[in-house]
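Engineer: I have a structure I would like to understand better, so I am pasting it below and will then ask my questions one at a time.
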Amino acid sequence: MTDRWHRWIWLLLAVPGTPAVAHDASSGLRGLFAGVGHSFSTPSQVLCLLALGLLAGGLVRSGWFPWLGGASAAAFLAGLAAGHAGLPVDAPLFAAAFLAAALAALLPGRLPSVAMGLLAAGGFLLGISALPDSGTLVGKAVTIAGSVLGAGLGLVCIAAVADAITARFAAPWVAMGLRVIAAWLGAIALVMLALTVAPAG
Amino acid sequence: MSQLSRFSRTAGLAVSTLLLAGPALAHGGAGFGGGFGAGFTHPVLGWDHVAAMVAVGLWGAFLGKPAIWILPVVFPLVMAVGAAMGIAGIPLPAVEPGIAMSAVVLGLMILFAVRAPLWVAATLVGVFAIFHGYAHGAELPSTANAFAFAVGFVLATGLLHLCGIALGLSIKWPAGRVAVRGAGAIISLAGLAFLTGVA
């Protein structure tokens, strides 16, 4: 069962991505794909998704995983409902990415309630950033649907790949390698946070 | 025969790769590639950074599990705090001496094969990481793509740690143990040279 699940994840990863040209909403498949790509269109979104995915990946085999997924999905939708296009969410996204990556690096698979809080916060911010700038109502709806799909699939894929790697390769350095990668992501996110909030000049 | 031909094939490939490679013209370049190059070469081209980063990996190898992996996890996270301080312009005294001291102290730890408790090792490495990060953050070129620069210097730092770990794994052989301790002595002397301004 688990093997079949992992095979599907590898297959999904093999599907070629579309370029992220998403800030306008357009209807039809083009709008849907633009929405899917939108969740990966800025460094803050990519770092946040990667960090949250690695954090969730450490908890895939715990009973908490459905709750983590539910919390982040609900928060994403809440962010969509609460936000409006153009809100500056880069700094909070970098902060969420740093905290999630630091937790994944230092205490992987532990503190599930803190992980749930971070996944909810990250989901909320990703939801806000997923709103298209302009377009028709139908176009916006299609693009938002694509964003929900892209962010959700992205998070699940990253978590599943992290879990699949640790499950398939039992050597301790493999799990530690993921922690080192999480530490690198956290470091990059913190530097980007400083660059975002530091006074210019 | 087969070993010789494999060697000559590998050597041929290495030489042709070297001949085909273009010059590295990365510092301060614009765009993602330029920013990444500037960030990646910042730790790699600074001998004081290289000595200390490799020393972290070598000492981790001497300390064994879990330090061998915990130190490369702690270092980049704390280094980023230092980089944030540098970017924000928060004053930090004696940055260059701090970097040089990191090479001196970590080199001595390797030379004398000091088996410090994990928390002591992590704290020591973390304190030195602040100075290294501060230097990266404060010297970020204004023309570089900031994200690419951050990715570059974090990746280079991590790879230098991995080089140290890879070299340090040779301590399971007696000759390797001597070589690693000798490397610690060289790192410490290099740090002393940086500290006194000789190098």
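Engineer: Please list A:62-71, A:29-38, A:49-58 highest first by mean number of surrounding beta-carbon atoms within 10 Å per residue.
Structural biologist: With the highest mean Cβ count within 10 Å placed first, the list reads A:49-58, A:29-38, A:62-71.
Engineer: Also, I was wondering about something else. Enter the Cα centre distance for the pair segment B:183-197 and segment A:71-134, rounded to the nearest angstrom.
Structural biologist: So the two Cα centres are separated by 45 Å.
Engineer: Let me ask something else about it. Determine the shielding of peptide B:148-159 by partner chains: average, over its residues, the number of Cβ atoms on other chains within 10 angstrom of each Cβ.
Structural biologist: 4
Engineer: Within the set of other residues whose C-beta is less than 14 Å from the C-beta of B:Leu71, count the net charge using Lys and Arg as +1 and Asp and Glu as -1.
Structural biologist: Residues near B:Leu71 contribute +3 overall.
Engineer: Tell me the net charge near B:His42. Cut-off is 12 Å between Cβ atoms, B:His42 excluded, with +1 for each Lys or Arg and -1 for each Asp or Glu.
Structural biologist: The answer is -2.
Engineer: Just name one of B:Gly33, B:Gly158, B:Leu111: the one whose Cα is farthest towards the positive end of the charge dipole of segment B:28-196 (beta-carbon charges, Lys/Arg +1, Asp/Glu -1).
Structural biologist: Checking the options against the dipole of segment B:28-196, the answer is B:Leu111.
Engineer: Evaluate peptide B:80-92: per residue, the Cβ atoms of other protein chains within 10 Å of its Cβ; return the mean as an integer.
Structural biologist: 5
Engineer: Related question: Under the definition of Cα pairs under 8 Å and six or more residues apart, what whole-number percent is the relative contact order of segment A:26-194?
Structural biologist: 42 percent
Engineer: Further question on the same structure: If you take the accessible area of B alone plus A alone and subtract the pair, what total do you get in square angstrom, rounded to 100, with a 1.4 Å probe?
Structural biologist: Buried area between the two chains comes out at roughly 2000 Å².
Engineer: If the label point is 7 Å along Cα→Cβ of A:Ala78, which residues in segment A:95-126 have backbone nitrogen under 14 Å from it?
Structural biologist: The answer is A:116-126, whose backbone nitrogens lie closer than 14 Å to the label point.
Engineer: Would you mind calculating the gained length between B:Glu139 and B:Glu96 on full extension (0.36 nm times residue separation, minus the Cα-Cα distance), in nm to one decimal?
Structural biologist: Length gained between B:Glu139 and B:Glu96: 14.3 nm.
Engineer: Another one. What fraction, in whole percent, of alpha-carbon pairs in segment A:26-194 exceed 26 Å separation?
Structural biologist: Pairs farther apart than 26 Å: 25 percent.
Engineer: Measure off 7 Å from each Cα along the Cα-to-Cβ vector at A:Ser134 and B:Ala175, then give the distance between these two points in nanometres to one decimal.
Structural biologist: My value for the distance between the label points is 7.1 nm.
Engineer: Excluding B:Ala193 itself, what net charge comes from residues whose Cβ is under 15 Å from its Cβ, given Lys and Arg +1 and Asp and Glu -1?
Structural biologist: That works out to -2.
Engineer: In percent, what relative contact order does segment B:28-196 have, based on Cα pairs under 8 Å that are 6 or more apart in sequence?
Structural biologist: Reported relative contact order: 44 percent.
The values are calculated or read from the model by the stated rules, or taken from the named source; none is laboratory data. In this text the structure is predicted, and so the values were computed from the model without any measurement. Cβ atoms come from the backbone with ideal geometry, glycine included; neighbour counts cover every protein chain shown. Just so you know, the surface numbers come from the protein's heavy atoms only, side chains and all, with ligands and any DNA or RNA stripped out. Shrake-Rupley method; radii C 1.70, N 1.55, O 1.52, S 1.80 Å.
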